[in-house]
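Let me begin by presenting the structure, written as structure tokens, before commenting on it.
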Amino acid sequence: MTSTPPAHRRRSRARGGRGILIGLAVVAIAAQGVVIAGAAWAVANPRIIADRVTVLTTELDPLVAEYAERAGVGEEGVDLLHASLTRIVPAGDFDDYCSSDEPGIGVLGCYTLDDGRIYLYDVENPDLAALEPVVAAHEMLHAAWDRLTADEQDALAPLLEEAFAALGPDHELVERIAAYEAQDPRSRIPELYAIIGSEIAQVPAALEEHYARYFVDRAASAGLTDQVNAVFADLEARLTALSDELEALGARIDAEQAAYDADATALEAEITAFNARAAEPGGYTSQSVFLRDRDALLARQQELDARLQATNALVAQYNALLEELDALNAEADDLNRSINVELVPIEEREGVDAPASG
């Protein structure tokens with residue numbers, strides 16, 4: 001350990017000063033070496049530098065930050081949303097940035113590979129408030145995938161396939177992935193990466209460890225997905241139940257109407273025969289027989305009238321249910337339009353007219 005020279009010794013002070021100058025020179029050379037090394041690293045890692053500059057020089061939309069928080073996105077994930085200049089786009093302008101020609105598929109966000117931007121569809125339906133955070137997390141993972149090395153992507157692929165296979169052949173993701181692959185066969189693994197990471201709660205441990213790089217609470221995003229799915233599942237269940245009820249009631253009305261028509265035709269023929277017999281001299285030789293036959297026909301007429309009223313009540317019930325189905329289809333239409341999808345109703349039905357009396 002070197003002691004500090006006394007202040008009154010000028011020579012020692014001079015030596016000390018020179019030592020300081022030499023030390024500064026060494027520090028300067030060392031610092032220059034750091035700058036040179038840093039420049040080389042920057043050349044080798046331009047994406048990281050560009051991301052950091054964007055994060056430091058721009059403001060993240062507060063609503064996007066809120067989405068990230070709700071979806072359990074961590075600091076690195078938030079930085080990816082920030083570096084991708086994530087923008088929430090009104091419905092009327094969204095097709096200028098993201099589009100799909102696939103019928104029945106709603107595009108709610110996209111990550112543009114050419115310039116690394118994220119665009120999110122502005123979902124305004126309050127029933128789907130949980131949706132946009134999930135979409136933001138999904139697109140963030142596309143940005144993350146874009147920044148992984150080829151070796152990192154290759155290592156993740158079998159883990160993603162394992163997680164996908166564990167969902168089973170009846171999971172709705174099977175159809176979604178098939179739709180993605182139909183548009184671009186290369187999209188399978190990147191889409192699995194984004195969808196599984198933002199929507200599927202249970203994944204292999206190694207995959208969970210990887211996603212922890214971008215999430216502090218990935219279960220939050222999966223939970224929001226469940227909330228959104230519940231909205232659509234409830235509506236679909238109500239539509240299906242009502243459609244089934246209409247189907248059964250319509251079949252019952254048809255059967256009742258057919259039976260009524262057959263019995264009314266038979267009764268009409270018997271009334272005609274009765275009237276002809278009553279009008280013929282000697283047709284009825286007994287007043288009691290005449291009254292018996294007449295009363296029997298009147299009773300059958302009354303019974304048919306009661307059946308007609310009952311069938312008309314069923315028709316009124318059917319038409320009321322049909323109005324309810326129309327209202328549900330309108331609700332589904334609004335819900336699907338709010339996620340950029342044109343709805344195809346389960347079935348178009350016509351009202352039923354009340355049967356006429358015979």
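The values are calculated or read from the model by the stated rules, or taken from the named source; none is laboratory data. Bear in mind that the values here come from a model prediction, so they are computed numbers and not experimental data. Methodologically, a virtual Cβ is constructed for each residue, glycine included, from the backbone with ideal geometry; neighbour enumeration extends over all protein chains shown.
Here are the numbers for this structure:
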item	result
Qualifying residue in segment 150-164 (condition: within 14 Å of the chain's Cα centre (by Cα) and on the phi < 0 side of the Ramachandran plot)	no
Cβ pairs under 8 Å, 6+ apart, first in segment 188-202 and under 16 Å from GLU175 (Cα atoms), second of a type in the set (Asp, Glu) and surrounded by 20 or more Cβ atoms within 10 Å (Cβ to Cβ)	ALA194/GLU139
Evaluation of ALA129 against (1) within 13 Å of SER198 (Cβ to Cβ); (2) free of Cβ contacts under 8 Å to residues at least 24 places away in the same chain (one fails), failing number	(1)
Members of segment 115-167 found to be assigned to a loop (DSSP other than H, G, I, E, B) and either within 18 Å of GLU191 (Cβ to Cβ) or among the β-branched types (Val, Ile, Thr) (or both), listed by number	GLY116, VAL123, LEU148, THR149, LEU167
Residue that is farthest from VAL289 (Cα to Cα) [pool: residues in segment 262-271 that are exposed (fewer than 15 other Cβ atoms within 10 Å of the Cβ) and in contact (Cβ under 8 Å) with a residue 24 or more places away in the chain]	THR265
Residues within segment 55-95 that are of a type in the set (Asp, Glu) and in a helix (DSSP H, G or I), tallied	6
Unmet criterion (only one of (1) buried (at least 16 other Cβ atoms within 10 Å of the Cβ); (2) under 20 Å from the mean Cα position of the chain (by Cα)) for ALA201	(1)
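A quick yes/no check of all residues on (1) exposed (fewer than 12 other Cβ atoms within 10 Å of the Cβ); (2) outside any helix (DSSP H, G or I); (3) modelled with pLDDT under 95:
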position: ALA273; (1), (2), (3): no, no, yes
position: GLY283; (1), (2), (3): no, yes, yes
position: SER288; (1), (2), (3): yes, no, yes
position: LEU291; (1), (2), (3): yes, no, yes
position: ASP295; (1), (2), (3): yes, no, yes
position: LEU304; (1), (2), (3): no, no, yes
